[in-house]
Amino acid sequence: MNINRRHLMILLPAAAVAWKHVLAGTPEDSPNYQMSEHWWGMLIDIPKCIGCGNCVRACQTENDVPDGFFRTWVEQYHRSDYHLETPEVISPDGGKEGFPVVKEGEEGKFFFVPKMCNHCTDSPCTQVCPVGATFITPDGVVLIDPKYCLGCGYCVQACPYGCRYIHPEKKVADKCTLCYHRITKGLTTACCEACPTGARQLADLKNPNDPIHEFLKTHTVQVLKPQMATGAKAFYNGLDGSVR
Amino acid sequence: MSGLKDAGHLFRFAGLFVLAFLVFLVVRAYVVPKSFGEYGHYRGAAIGEIAAHPVKFAGRQTCETCHTDIADIKAKGAHAHVNCEACHGALAAHADDPMSVTPVKPDSAVLCARCHTASAAKPASFPQVDPAEHSGGAPCVTCHNPHSPIIGSDFTANAAKGGAK
């Protein structure tokens, strides 16, 4: 692109105005929400998941996720009785339209694993961002500032769970926001709203009345890749040992 | 100590540094957003901007504010725990403007099969059927009321509310 002095003189004030807009931000939409009173996470109950793909479709609708990209997706595992360490995993179109039928009597164990951003307390993705465009909020949600993101893709590589992608049109990193625009208004996430079996439940770990506390007392839950010490807050109940 | 009389160029140089630093401070004050560093090494206003996104799923409570009749039927049925928009889709637009935005009734042959088609990958306790064998291709609502799907559980409501006719 060739910019001569005349063009630059026109462009600079325009850029200044645009930057002013970035500086100003937009006002808080939910004035009664106190960030310090929440610490968000998600409970994923594997024995309840039927692989219908409702969560994937709901997320796409709620958050305008482009086709072929996923903020949440569902995987179908086939853990053979003979190859316990190497399960076969499929996720056709993220499980958006469900899965091929598995016939009765097939060898091994079949089950569904919904995946999403784990909203890690010590997230590798926020640590690698060179410009402070991704961060964990005071209420425990990992977010991306699309106005600051350069689209360098460091965070996409850093996420051990593969939860981030570069948005094909905006060219910035994108991922699950835990429906931050909903949970700050007292609603649950779109995926939880659409889940017909309660396999996904939004959890507020700072709320003593949240059913998550009773659940955690009476169940042994796991997180994905605990050896990476990410402080993941997507808690899986009934997770098979073959899931990585 | 005869060097100081020739030190003028050093002071000029230091002055240049101070000037550059001042320019840096002025530019920085202008380009760094006010909310940067409010909560951490990021733009605090971004949180509010993300929270301001529009909501598309209205949420069950919103639906039940108006559709109390369906809520009553549903509360007694086997689908009591299923949220309205799990089947009907995102309808915040309808909740905001019920007159001009009318929801499309879901096609039960597709919708019910999505969850209830038998597969060994699904938990055994979940009710599953082979749709072709179970109904011979007839729509599920011929016999079942989707709001209270167990046949006979609430048949009067069935007939009244778009279930069996």
Check A:46, A:50 and return the single one that is touching a Gly at 6+ places or on another chain (Cβ under 7 Å), modelled with pLDDT of 95 or more and under 30 Å from residue A:220 (Cβ atoms). A:46
Condition first: under 14 Å from the mean Cα position of the chain (by Cα) and within 21 Å of residue A:18 (Cα to Cα). Now tell me which residues in region A:135-152 satisfy that. A:144
Residues that are assigned to a helix (DSSP H, G or I) and aliphatic (A, V, I, L, M), drawn from region B:112-145: B:113, B:132, B:141
Which is at pLDDT below 95 and crowded, with 16+ Cβ neighbours inside 10 Å, of A:202, A:239? A:239
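Residue-wise test of (1) out of contact with any Leu (no Cβ under 7 Å at 6 or more places or on another chain); (2) modelled with pLDDT of 95 or more; (3) among the β-branched types (Val, Ile, Thr).
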{"position": "B:7", "(1), (2), (3)": "yes, no, no"}
{"position": "B:21", "(1), (2), (3)": "yes, yes, no"}
{"position": "B:77", "(1), (2), (3)": "yes, no, no"}
{"position": "B:102", "(1), (2), (3)": "yes, no, yes"}
So which residues in region A:183-193 are out of contact with any strand residue (DSSP E or B) (no Cβ under 7 Å at 6 or more places or on another chain) and surrounded by 24 or more Cβ atoms within 10 Å (Cβ to Cβ)? A:184, A:190, A:193
Enumerate the helices (runs of 4 or more DSSP H) found wholly within region B:1-111, keeping only those where 2 or more residues are closer than 26 Å to residue B:150 by Cα and either among the basic types (Lys, Arg) or within 11 Å of another protein chain (Cβ to nearest Cβ) (or both). B:60-66, B:68-76, B:84-88
Within region A:189-202, restricting to residues that are more than 7 Å from chain B (Cβ to nearest Cβ) and within 14 Å of the chain's Cα centre (by Cα), the one that is farthest from residue A:45 (Cα to Cα) is A:189
Which residues, taken from region B:77-98, are over 20 Å from residue A:48 (Cα atoms) and surrounded by fewer than 14 Cβ atoms within 10 Å (Cβ to Cβ)? B:96, B:97, B:98
Those residues of region A:69-88 which are in contact with a helix residue (DSSP H, G or I) (Cβ under 8 Å, 6 or more places away or on another chain) and either surrounded by fewer than 22 Cβ atoms within 10 Å (Cβ to Cβ) or within 19 Å of residue A:176 (Cα to Cα) (or both) amount to A:70, A:71, A:72, A:73, A:74, A:75
Could you give me the residue pairs with C-beta distances under 8 Å whose first residue belongs to region B:60-82 and is free of Cβ contacts under 8 Å to residues at least 60 places away in the same chain, whose second residue is part of a helix (DSSP H, G or I) and small (Gly, Ala, Ser) wherever it lies, and which are 6+ apart or on separate chains? B:62/B:92; B:62/B:95; B:63/B:71; B:63/B:95; B:64/B:71
Region A:116-125: number of residues that are buried (at least 22 other Cβ atoms within 10 Å of the Cβ) and either touching a Lys or Arg at 6+ places or on another chain (Cβ under 8 Å) or not small (Gly, Ala, Ser) (or both): 6
Residue count for region A:57-94, restricted to those that are part of a helix (DSSP H, G or I) and more than 11 Å from chain B (Cβ to nearest Cβ): 3
Of the criteria (1) at pLDDT below 95; (2) within 14 Å of the chain's Cα centre (by Cα), which one residue A:179 fails: (1)
Criterion first (over 18 Å from the mean Cα position of the chain (by Cα), at pLDDT 90 or above and surrounded by fewer than 11 Cβ atoms within 10 Å (Cβ to Cβ)) does residue A:103 satisfy it? yes
Hey, among the residues in region B:99-120 that are surrounded by 12 or more Cβ atoms within 10 Å (Cβ to Cβ) and hydroxyl-bearing (Ser, Thr, Tyr), which one's farthest from residue A:48 (Cα to Cα)? B:108
Has region A:109-121 got any residue that is within 9 Å of chain B (Cβ to nearest Cβ) and under 20 Å from the mean Cα position of the chain (by Cα)? yes
Got at least one residue in region A:205-216 being touching a Pro at 6+ places or on another chain (Cβ under 7 Å), surrounded by 14 or more Cβ atoms within 10 Å (Cβ to Cβ) and not polar (S, T, N, Q)? no
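The values are calculated or read from the model by the stated rules, or taken from the named source; none is laboratory data. Note that this is a predicted model, so its numbers are computed, not measured. Note: ideal-geometry Cβ built from the backbone for every residue, glycine included; neighbour counts use all protein chains shown.
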